[in-house]
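Right, one structure below, let's go through it.
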Amino acid sequence: MASFANPFTGIVPRKMTKEELIQAIRLNIAGELEAIFVYDAHVQATDDPVAKKVIADIRDEEKAHVGELITLLHHLDPEEAKHFAEGEGEVKEMLEELGIVEKTPSDKDKPESTIGSLIDK
């Protein structure tokens, strides 16, 4: 968790090498994932609708940060990006074998058809 008591904890006395930067980005991703976990636990642990809404919004911002950091990591380490893509491809193959069709991001925004929505068609 946070170590704010020591004001010098986050100060790096020199410029990082590319390898150190890549490691730092991985650590940043881990921190964002931990924050998502904690915020989500807080959302689940309260019935207060305002708190739920605010904390869920903050949690979702952390998810966007993960996406930004992973994109940066792919830029800094294209070889690692190939491994990520390989793993993504493996899961997609498994989904296909199971007959699961993954929705594209644009499909996720579209409401699913219901009997009522098809009556006038």
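Please give the direction-averaged projected area of the C-alpha convex hull for the range 18-101, in square nanometres with one decimal. Display every interim value, and only then the final one.
Numbers: hull surface 28.6 nm².
Mean orientational projected area (the range 18-101, Cα hull): 7.1 nm².
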In whole Hz, with x marking every Gly and Pro, tabulate ³J(HN,Hα) for the range 41-48 from phi via Karplus 6.51 cos²θ - 1.76 cosθ + 1.60, θ = phi - 60°. 4, 5, 4, 5, 8, 10, 9, 6
Spatially near lysine pairs across the range 18-101, Cα under 29 Å, sequence gap of 8 or more or different chains: 7
Quick one: Karplus J couplings for the range 21-38, per residue in order, coefficients 6.51, -1.76, 1.60, θ = phi - 60°, nearest Hz, x for Gly and Pro? 5, 4, 5, 5, 5, 4, 5, 4, 4, 4, x, 5, 5, 5, 4, 4, 4, 5
For the range 18-101, what does the relative contact order come out to in percent, with C-alpha contacts under 8 Å and a separation of six or more? 30
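A short reminder: the numbers here are calculations on the coordinates, not readings from a lab. From a predicted model like this one, the values you see are computed outputs, not experimental measurements.
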